Amino acid sequence: MNETEVLDILAETLKSIFDTDDISISKEMTANDVEGWDSFAHIQIIVSLEGEFGIKFTSAEVEGLNNIGEIVDAICSKLS
Amino acid sequence: MLAEVINKIESKNTRHSKKLKADFEGLDERFHEEANAFFSKYKHFASSVGKNFDYGVDAYLKVVSDTLMEQISFLKTGEYSCKSFKDANEKVYSNPEVMDYYMHGLLFTQFLWKHHYEILTFFRAVLPEHSTHISRYLEIGGGHGLYLSEAIKMLDAKTEFEMVDISESSLSMAKSFVNDSRVNYVHLDIYEHQKDGYYDFITMGEVLEHVEQPLDLMKQLNRLLMPGGLAFITAPTNAPMIDHISLFSTSDDIRDILEKSGFEIIRETEKYSENYPIEKLEKLKVPLMYAAIVKKHI
């Protein structure tokens, strides 16, 4: 799975969790750019991505992944 | 002091500091005064036990981090990861390194987690209503000692105060934090406590979720109270943490235990950890803290 495919799935995940189609995702996007992306939303995103990709994030990753680009990189790294 | 805490947290966990700032906006001036006083007290306490303020902040962030991972597990499984007291003992209570940061971190949550502060406020409101009837006060599993410390301020100077805890490190921490020679600290499993019918008021905050048989524990607490005696009980629902064993899914689960163990609920409150609409709170199983003053049937 390439980076673009991961990004597309991530975009769909965010749209589902925030119940909106109005999210234009970019690698620079952070939680600050999305209204409602708080700790609870973050947990939902992590759980959804772990399920979707069959991966597991460490606690350092859960807390330290600060933007979409870092999340995508982490996922791609785990899938490779 | 509160501003210093938030700044330190912000430097290490921006997402969490954002939540704290949003929560504090909804709290009044009294909260800010009390939080400042509390963190000043903590600073002195930390120094007295060979720690410093930064240790407290780091301990708190470790608790936040642990809780986040537990919440992820809970969202996937619908269960707490800790299945037995043996698990909790191995993972936490018998592990001095974990107990140390965990107790300091939990102390910070009493003011930094809005719903914890709101329950503390409820305690401060209800205890004085019954203070004239309290002369033998027991706290079970008091942990860091904050509630005991608050009770001492509100009750008559001649009150007998006792704290029983199964953890020596908790007792040691409480002794330093409370810093009042009137308190009798007893290292004991509460099931071995022999003073049946002795106490007129028992506080047991956030203990039920740590035991395998919470109904049995409440029955033991009932035995220790005199007829008509009162207890202040708190317990959370849907609150995964590293040493939580018994899952209460709703406040009714807790009420059921209180009533089955021979108590009448006099006053109660419940506070969610997040400010979401009720539908979202229920759908996401957001943690809630339940608190009640209960009376032993005569």
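Checked against (1) among the charged types (D, E, K, R); (2) open to solvent by less than 20 Å² (accessible area, probe 1.4 Å); (3) free of Cβ contacts under 8 Å to residues at least 40 places away in the same chain, B:K175 passes all but condition (2). Would you confirm whether or not the range B:240-249 contains a residue that is within 16 Å of the chain's Cα centre (by Cα), over 19 Å from B:E162 (Cα atoms), among the β-branched types (V, I, T) and at pLDDT 95 or above? Checking the range B:240-249: at least one residue is within 16 Å of the chain's Cα centre (by Cα), over 19 Å from B:E162 (Cα atoms), among the β-branched types (V, I, T) and at pLDDT 95 or above. Being on the phi > 0 side of the Ramachandran plot and either open to solvent by 60 Å² or more (accessible area, probe 1.4 Å) or within 14 Å of chain A (Cβ to nearest Cβ) (or both) is a property that B:G26 lacks.
Residues checked against (1) within 19 Å of B:A3 (Cα to Cα); (2) of a type in the set (D, E):
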residue: B:V98; (1), (2): no, no
residue: B:G105; (1), (2): yes, no
residue: B:Y117; (1), (2): yes, no
residue: B:H133; (1), (2): no, no
residue: B:E139; (1), (2): no, yes
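Counting only helices (runs of 4 or more DSSP H) that sit completely within the range B:57-170, those holding 3 or more residues that are under 30 Å from B:E25 (Cα atoms) and open to solvent by less than 50 Å² (accessible area, probe 1.4 Å) correspond to B:96-112, B:114-126, B:146-154.
For the range B:255-267, give me each residue that is touching a strand residue (DSSP E or B) at 6+ places or on another chain (Cβ under 8 Å) and over 15 Å from B:E206 (Cα atoms).
Residues of the range B:255-267 that are touching a strand residue (DSSP E or B) at 6+ places or on another chain (Cβ under 8 Å), as a first pass: B:255, B:258-259, B:262-267.
Result: B:E259, B:G262, B:F263, B:E264, B:I265, B:I266, B:R267.
Against the test of being open to solvent by less than 20 Å² (accessible area, probe 1.4 Å) and within 14 Å of chain A (Cβ to nearest Cβ), the options B:P214, B:P240 yield a single qualifying residue, B:P240.
The condition of being within 14 Å of another protein chain (Cβ to nearest Cβ), crowded, with 17+ Cβ neighbours inside 10 Å and of a type in the set (S, T, N, Q) holds for only one of B:S11, B:S17, that being B:S17. Summed over the range B:44-53, the residues that are under 17 Å from B:M99 (Cα atoms), open to solvent by 50 Å² or more (accessible area, probe 1.4 Å) and not in a loop (DSSP other than H, G, I, E, B) give a count of 0.
Kindly indicate the residue of the range B:252-298 that is farther than 30 Å from B:K21 by Cβ and among the basic types (K, R) and also nearest to the other protein chains (Cβ to nearest Cβ) among those meeting that condition.
Going through the range B:252-298, the residues farther than 30 Å from B:K21 by Cβ turn out to be B:252-267, B:292-298.
Filter again for among the basic types (K, R), leaving B:255, B:260, B:267, B:295-296.
Working: B:R255: 26, B:K260: 32, B:R267: 29, B:K295: 36, B:K296: 38 Å.
Across the range B:252-298, the extreme among qualifying residues is B:R255.
Test of understanding: among B:Y147, B:Y137, B:Y117, which residue is more than 15 Å from the chain's Cα centre (by Cα) and in contact (Cβ under 8 Å) with a residue 12 or more places away in the chain?
Details: B:Y147 fails: more than 15 Å from the chain's Cα centre (by Cα); B:Y117 fails: more than 15 Å from the chain's Cα centre (by Cα).
It is B:Y137.
The rows are residues; the columns are (1) closer than 20 Å to B:C82 by Cβ; (2) buried (at least 20 other Cβ atoms within 10 Å of the Cβ); (3) more than 20 Å from the chain's Cα centre (by Cα).
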position: B:I233; (1), (2), (3): no, yes, no
position: B:K260; (1), (2), (3): no, no, yes
position: B:S273; (1), (2), (3): yes, yes, no
position: B:I278; (1), (2), (3): no, no, yes
position: B:E282; (1), (2), (3): no, no, yes
position: B:M289; (1), (2), (3): yes, yes, no
position: B:H297; (1), (2), (3): no, no, yes
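Counted as qualifying within chain A are the helices (runs of 4 or more DSSP H) with 2 or more residues that are open to solvent by 40 Å² or more (accessible area, probe 1.4 Å) and either at pLDDT below 90 or away from every other protein chain (no Cβ under 14 Å) (or both), namely A:3-17, A:59-64, A:68-79.
The values are calculated or read from the model by the stated rules, or taken from the named source; none is laboratory data. Every value quoted in this text rests on a predicted model; they were computed, and no experiment measured them. Because the Cβ atoms are built from the backbone with ideal geometry, glycine has one as well, and the counts that use them run over all protein chains shown. All accessible areas refer to the heavy atoms of the entire protein, side chains included, with ligands and DNA or RNA removed. Shrake-Rupley method; radii C 1.70, N 1.55, O 1.52, S 1.80 Å.
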